[in-house]
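What follows is calculated from the coordinates using simple rules that are stated; it is not laboratory data. Keep in mind that what you see is a predicted model, and the values were worked out from it rather than measured. We place every Cβ from the backbone using ideal geometry, glycine too, and count neighbours over all the protein chains shown.
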Amino acid sequence: AQKITQTQPGMFVQEKEAVTLDCTYDTSDQSYGLFWYKQPSSGEMIFLIYQGSYDEQNATEGRYSLNFQKARKSANLVISASQLGDSAMYFCAMREGRGVNRDDKIIFGKGTRLHILP
Amino acid sequence: EAQVTQNPRYLITVTGKKLTVTCSQNMNHEYMSWYRQDPGLGLRQIYYSMNVEVTDKGDVPEGYKVSRKEKRNFPLILESPSPNQTSLYFCASRVMAQSGDTQYFGPGTRLTVL
């Protein structure tokens, strides 16, 4: 079974609209972390946002926010007021465990390709 | 500037010719790892290292070797490359901080094995 599921292989969104990229995860750990990364066509991986499983508030970073619903095991990325430069591949990832031992692996989903239309 | 560097960025080679992709980070991070990215499969971890002289297998270690003789460097070695190792490779270093867990990626190395 997949640990990280991104159900939207591709999305087309009009510029300036808000975007929600779906991510569900599967873990039996109580302590874990969730990440979102952006990969533009140039290929680099850009860290966007992190949410710890014990964080009570949803993480936010500028136009990015993570809609964390623990009971549903979902960690959707919300991009407000989308811009043409948001066109990219987006990956959701999860770290199981507390990360204290630093040997906890990070597992990636297969990604969602987002296209912003002018 | 905090960064992870990889070299080379692009490489075309032939089956069986040993190669090394270097990775270096200037953030004094203990944790480093290598991933490969293939279409439709996302990123898969090859090897990781928790500290100097400590390395462990990720999900797809076959055909690869790594070493961690010093904190900043984590080279990926392909002793006898094969065409199924054609891929985009990322090195990353990671830190756990008060603000959370952050993994920084290098720019990627696009490898083609003929």
Inset, instruction - Among A:Gly52, A:Tyr64, A:Gly10, flag the residue with its Cα farthest along the positive direction of the charge dipole of the range A:1-103, charges on Cβ as +1 for Lys/Arg and -1 for Asp/Glu. - result: A:Gly52
Inset, instruction - Any chance you could count the Lys pairs in chain B whose alpha carbons are under 17 Å apart, treating pairs 8 or more apart or on different chains as valid? - result: 4
Legend entry - Relative contact order of chain B, pairs being alpha-carbon contacts under 8 Å that are 6 or more residues apart, as %: 35 percent
Legend entry - Pairs of lysines in the range A:1-113 (C-alpha under 28 Å apart; 8 or more residues apart or interchain): 15
Inset, instruction - Rounded, prolate or oblate: pick one for the range B:7-46, where a ≥ b ≥ c are the square roots of the eigenvalues of its C-alpha gyration tensor, a/c under 1.5 means rounded, and failing that, prolate if a/b is larger than b/c, else oblate. - result: oblate
Inset, instruction - Count, for each residue of B:86-93, the Cβ atoms from other chains sitting within 10 Å of its Cβ, then give me the mean as a whole number. - result: 1
Inset, instruction - Determine the shielding of peptide B:36-46 by partner chains: average, over its residues, the number of Cβ atoms on other chains within 10 angstrom of each Cβ. - result: 4
Legend entry - Exposure proxy order (Cβ contacts within 10 Å, fewest to most) of A:Leu34, A:Leu114, B:Leu11, B:Leu41: B:Leu41, B:Leu11, A:Leu114, A:Leu34
Legend entry - Long-range Cα-Cα pairs in the protein assembly as shown (distance over 33 Å), rounded percent: 16 percent
Legend entry - Test item: Cα-centred dipole of chain B, Lys/Arg +1 and Asp/Glu -1 on Cβ, debye: 300 debye
Legend entry - For the range B:3-35 and the range B:51-114, distance of Cα centres in Å: 6 Å
Legend entry - Cα gyration tensor shape for chain B, rounded if a/c is under 1.5, else prolate or oblate: prolate
Inset, instruction - Please report B:Ser33, A:Ser42 as a ranked list, fewest other C-beta atoms within 10 angstrom at the top and most at the bottom. - result: A:Ser42, B:Ser33
Inset, instruction - Using a/c under 1.5 as the rounded threshold, could you call the range A:37-92 rounded, prolate or oblate? The axes a ≥ b ≥ c are square roots of the C-alpha gyration tensor eigenvalues, and prolate needs a/b larger than b/c, oblate otherwise. - result: prolate
Inset, instruction - Do me a favour and compute the ellipsoid semi-axes for chain A from its Cα gyration tensor, root of five times each eigenvalue, largest one first, whole Å. - result: 25, 14, 13
Inset, instruction - Taking the Cβ of each residue in A:Ile79, B:Ile77, A:Ile116 as the centre, tally the other Cβ atoms inside 10 Å and list the residues starting with the fewest. - result: B:Ile77, A:Ile116, A:Ile79
Legend entry - Estimated dipole of chain A in Debye, rounded to 20 [Cβ of Lys and Arg +1, of Asp and Glu -1, Cα centre]: 180 debye
